[in-house]
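Asks: There's a structure below that I have some questions on.
The values are calculated or read from the model by the stated rules, or taken from the named source; none is laboratory data. Quick caveat, the model's predicted, so the values are computed rather than measured. Every residue, glycine among them, receives a Cβ derived from its backbone with ideal geometry; neighbour counts consider all protein chains shown. In case anyone asks, the SASA skips ligands and DNA or RNA and just uses the protein heavy atoms, side chains included. Shrake-Rupley method; radii C 1.70, N 1.55, O 1.52, S 1.80 Å.
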Amino acid sequence: MSVLAVDVGSALVDGLREAVGIQAAYYALAAVGLNLQFGYAGLLNFGHIASALVGAYGAAIVVDNGGSLWLGILVGVLAAGLLGLLMGMPTLRLRADYLAIATISVAEILRVVTNSTRVQDLTGGPIGITGVADDFYDINPIPDGRYGWGSFTFNQNTLFTMIVGWILVGLACWLVWALTRSPWGRLLKAVREDEEATRALGKNVFGMKLQAFVIGSVIGGLAGILFTFDGGFVNPTFFVAQTTFNWYLVVILGGVATVFGPPVGAIAFWFIVATLNALLTQAIGPDGWWILDSTDTGAVRFVVVGVAIVLLLVFRPQGILGNKEEAMIGDH
């Protein structure tokens, strides 16, 4: 197929579908929690995916053992908060680079343990856990069918999950808005700007960091639970370190330390990725194009996204909604 023969219209529809889909809502919700840690508190948490893993598996294990989904959601959220507490207490006194190394190590340890056949009776091991979202789908008030127009359509369960997901994103943004405009939020920004000056005023810097870390972890755990509703199963391969870096891209793209930066960044990220994927798939075709073949589509799209992010950091480091002062956290 000729590169000029691609159907741009259908590619844009694919991009729009992903931009409002469950993946985008999942990324947006997780990025809201990460933005509270990184954007407002200045904490370099490279293990944020661990919160999603613990939240998802906390809910899934409860459901798999006969408990209700609602109990599972409560357990998953509490488990994510407990993880934030246990991970934050020994690591938040570390310098930023050491904190990043420590947190990503914890996330990888949890993923490897979850994937182990030795705990397969509990976590499902490499197979994972299925049937997580049955109770959630049972309360879906949307009649069976497909909704939308043309190729921009969703079935009733996907649409219901999308609606719930974006409502959760909205509530999380409201929570961050309320927190960051309270005295607590202003103190958190002071900690980010100058720890020593804040400590000299008699404020508990470590306590503020830990609170932000735990709240962000809870939101990340809720994002992990939302992710299990997309298909109703959970698997360790979903929770790789690369996802955390994608969430950082989402936060930076939308605007660091902005309330609506994460959802805007998630929408833009998935629109770009899905549109590029559709265009490249059409351009390369089954017979290949130049030095590329059809198996290269996934890798090439992320190369292009990476180049776009680099250009964004060069020419607009504050992102879509941010400002330069908030973006230059590392220079404070």
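Asks: Give the residue that is farthest from Leu253 (Cα to Cα), with candidates limited to residues of segment 314-327 that are modelled with pLDDT under 75 and not small (Gly, Ala, Ser).
Replies: Ranking the qualifying residues of segment 314-327, first place goes to Glu325.
Asks: While we're looking at this one, here's another question. Just name the residue that is nearest to Gly306 (Cα to Cα) out of those in segment 249-285 that are buried (at least 21 other Cβ atoms within 10 Å of the Cβ) and aromatic (Phe, Trp, Tyr).
Replies: Here the residue is Phe269.
Asks: I'm checking my understanding of the structure. Among residues of segment 122-158 that are assigned to a loop (DSSP other than H, G, I, E, B), aliphatic (A, V, I, L, M) and open to solvent by 80 Å² or more (accessible area, probe 1.4 Å), which one is farthest from Val112 (Cα to Cα)?
Replies: Ile139
Asks: Filter segment 236-258 down to the residues that are in a helix (DSSP H, G or I) and of a type in the set (Phe, Trp, Tyr), then identify the one that is nearest to the chain's Cα centre (by Cα).
Replies: Ranking the qualifying residues of segment 236-258, first place goes to Trp247.
Asks: Are any residues in segment 193-215 open to solvent by 30 Å² or more (accessible area, probe 1.4 Å) and part of a helix (DSSP H, G or I), and if so, which ones?
Replies: Those that are open to solvent by 30 Å² or more (accessible area, probe 1.4 Å) and part of a helix (DSSP H, G or I): Glu193, Glu195, Glu196, Ala197, Arg199, Ala200, Phe206, Gln211, Val214, Ile215.
Asks: Might you let me know whether segment 216-231 holds any residue that is under 22 Å from the mean Cα position of the chain (by Cα), surrounded by fewer than 21 Cβ atoms within 10 Å (Cβ to Cβ) and in contact (Cβ under 8 Å) with a residue 12 or more places away in the chain?
Replies: Yes, segment 216-231 contains a residue that is under 22 Å from the mean Cα position of the chain (by Cα), surrounded by fewer than 21 Cβ atoms within 10 Å (Cβ to Cβ) and in contact (Cβ under 8 Å) with a residue 12 or more places away in the chain.
Asks: Can you tell me how many residues in segment 101-121 are under 12 Å from Asn45 (Cβ atoms) and crowded, with 17+ Cβ neighbours inside 10 Å?
Replies: The total comes to 5.
Asks: Within segment 309-321, which residues are part of a helix (DSSP H, G or I) and open to solvent by 50 Å² or more (accessible area, probe 1.4 Å)?
Replies: Val310, Leu311, Leu313, Val314, Phe315
Asks: Is it the case that some residue within segment 213-230 is farther than 19 Å from Gly170 by Cα and at pLDDT 95 or above?
Replies: Within segment 213-230, one or more residues are farther than 19 Å from Gly170 by Cα and at pLDDT 95 or above.
Asks: Please find, within segment 45-78, the residue that is surrounded by the most Cβ atoms within 10 Å (Cβ to Cβ) out of those that are part of a loop (DSSP other than H, G, I, E, B) and under 15 Å from the mean Cα position of the chain (by Cα).
Replies: Out of the qualifying residues, it is Asn45.
Asks: While we're on this one: For residues that are surrounded by fewer than 20 Cβ atoms within 10 Å (Cβ to Cβ) and part of a helix (DSSP H, G or I), tally how many sit in segment 82-100.
Replies: Adding up the residues that qualify gives 9.
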